[in-house]
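Notes for the one structure printed next.
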Amino acid sequence: MTPAELLMSQALQLAENGQLSSAPNPAVGCVIVKDGQIIGSGFTQPPGGNHAEIQALQDAAAKGHDVRGATVYVTLEPCSHFGRTPPCADALVRAGVAKVVAAMDDPNPLVAGQGKARLQAAGIAVESGVLAAQARELNIGFFTRMQTGKPWVRLKVAASLDGKTALHNGQSQWITSQAARDDGHMWRARAGAILTGIGTVKEDNPQLTVRTVQLAWQPLLRQPLRVIVDSKLSISPDAKILVGGGNLIFCATVDAEKQALLEQQGAEVVVLPNAGGKVDLPQVMLELGKRQINELHVEAGSKLNASLIREHCVDELLVYLAPSILGDGRGMFSLPALENLQDKLTLKFHQIKQIGEDLRILARFH
């Protein structure tokens, strides 16, 4: 690694600290370097709090360092617009830094090069493209939403080595180990929303909350929005997933009485039918994008899993494979049989890692 890449890698490690709390903002890290030493560092705080650059400037000031003439390494182009906080580009100009090295340009149309331009207009040298691939991966949901208007969709499945998610009678607790289940909660925690179908709600009655993730620096964990696909609006008001309110239910049928009852419990009902009388799944993704969901985590049954895949609504599979064989049972996806191998859906393995006894596979459709 070059010296610039080593410093940017430290900024990226800092950015990871904000992955579970910065949304809908991107998780950004920043280090300030002067005379070969890091004099300030920081990462993006929860919405409404400081961005990474401000945290790093304040850190340097608290340590008694003068940042004038320093070089700033930041994992995303400094913002140039007023949102919940003032522009970071302006703060860097006022601080008198000499150079800013960004991993990537910001895809947000409100920034999109304007942060760099504002810095350059003030006489600050600007460089970008250092460890860009790693920076994009860190905020893949934010980049996807900015570029497509939809969240990055990750579909999670836990299965045996022969691809079964449950026995023929529906028994599925537990196929994978506790370590894999804890890891699954970490993926839930980084998502802006968790989506499931009415079939899973009726059969398993899940809470779909994050329960096994604790961070020392963040005692109050943000819970993802819980989203239910329920074409006929047949969910029971007593379903565990409705406890605490704040749910989003997509249906295809208008039922004013049932809708009013669910809204009294704090849920929001959105009617989005397609031509077949089911929920329009691509429109669901666009609606979630409008609600600033960067990453969508799916935990559903084989039918909804298959529908999401058929409708090209899935970017990535998160598969936990247990070292066991269940024989005849329920599969991951209720997809129709193929007559020709050329019609198979192809993915690319992105990452394979052992978690406890099990394998965790990340595979991407594109």
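The values are calculated or read from the model by the stated rules, or taken from the named source; none is laboratory data. Everything quoted here is computed from the prediction, not taken from an experiment. Using ideal geometry, Cβ is built from the backbone for each residue, glycine included, and neighbour counts are taken over all protein chains shown. Heavy atoms of the whole protein, side chains included, go into the accessibility calculation; ligands, DNA and RNA do not. Shrake-Rupley method; radii C 1.70, N 1.55, O 1.52, S 1.80 Å.
Looking at the stretch 67-134, the strands (runs of 3 or more DSSP E) lying wholly inside it that each contain 2 or more residues that are under 20 Å from P26 (Cβ atoms) and open to solvent by less than 20 Å² (accessible area, probe 1.4 Å) sit at 71-74, 99-102.
Selection of the stretch 36-51 for residues being in a loop (DSSP other than H, G, I, E, B) and touching a helix residue (DSSP H, G or I) at 6+ places or on another chain (Cβ under 8 Å) yields T44, Q45, N50, H51.
Being farther than 28 Å from D280 by Cβ, assigned to a loop (DSSP other than H, G, I, E, B) and either open to solvent by 50 Å² or more (accessible area, probe 1.4 Å) or at pLDDT 90 or above (or both) is a property that L233 lacks. Residue count for the stretch 289-302 under the criterion of being outside any loop (DSSP other than H, G, I, E, B) and either of a type in the set (A, V, I, L, M, F, W, C) or modelled with pLDDT under 95 (or both): the result is 3. Taken over the stretch 236-246, residues that are assigned to a loop (DSSP other than H, G, I, E, B), of a type in the set (A, V, I, L, M, F, W, C) and open to solvent by less than 40 Å² (accessible area, probe 1.4 Å) amount to 1. Among the residues of this structure, V33 does not count as one that is within 18 Å of K99 (Cα to Cα) and part of a loop (DSSP other than H, G, I, E, B). Kindly check whether there is at least one residue in the stretch 278-288 that is among the polar types (S, T, N, Q), under 29 Å from K348 (Cβ atoms) and either open to solvent by 50 Å² or more (accessible area, probe 1.4 Å) or not in a loop (DSSP other than H, G, I, E, B) (or both). Yes: the stretch 278-288 contains one or more residues that are among the polar types (S, T, N, Q), under 29 Å from K348 (Cβ atoms) and either open to solvent by 50 Å² or more (accessible area, probe 1.4 Å) or not in a loop (DSSP other than H, G, I, E, B) (or both). Please verify whether R154 is surrounded by 14 or more Cβ atoms within 10 Å (Cβ to Cβ), part of a helix (DSSP H, G or I), charged (D, E, K, R) and touching a strand residue (DSSP E or B) at 6+ places or on another chain (Cβ under 9 Å), treating the condition exactly as stated. Here the answer is no, as R154 does not meet what is asked.
Of all residues in the stretch 17-37, one or more are at pLDDT below 95, of a type in the set (G, A, S) and more than 29 Å from the chain's Cα centre (by Cα). Criterion applied to I32, I39 was being of a type in the set (V, I, T), free of Cβ contacts under 8 Å to residues at least 60 places away in the same chain and either open to solvent by 20 Å² or more (accessible area, probe 1.4 Å) or in contact with a strand residue (DSSP E or B) (Cβ under 6 Å, 6 or more places away or on another chain) (or both), and the one residue passing it is I39. Filtering the stretch 174-196 to residues that are open to solvent by less than 40 Å² (accessible area, probe 1.4 Å) and either part of a strand (DSSP E or B) or farther than 26 Å from L248 by Cβ (or both) leaves I175, T176, S177, A180, A193, I194, L195, T196. The combined condition, being closer than 30 Å to Q283 by Cβ, surrounded by fewer than 24 Cβ atoms within 10 Å (Cβ to Cβ) and in contact with a Lys or Arg (Cβ under 7 Å, 6 or more places away or on another chain), is fulfilled by T165.
Among the residues making up the stretch 247-277, those that are open to solvent by 50 Å² or more (accessible area, probe 1.4 Å) and not polar (S, T, N, Q) are V254, D255, A256, E257, L261, E263, E268, V271, P273, A275, G276.
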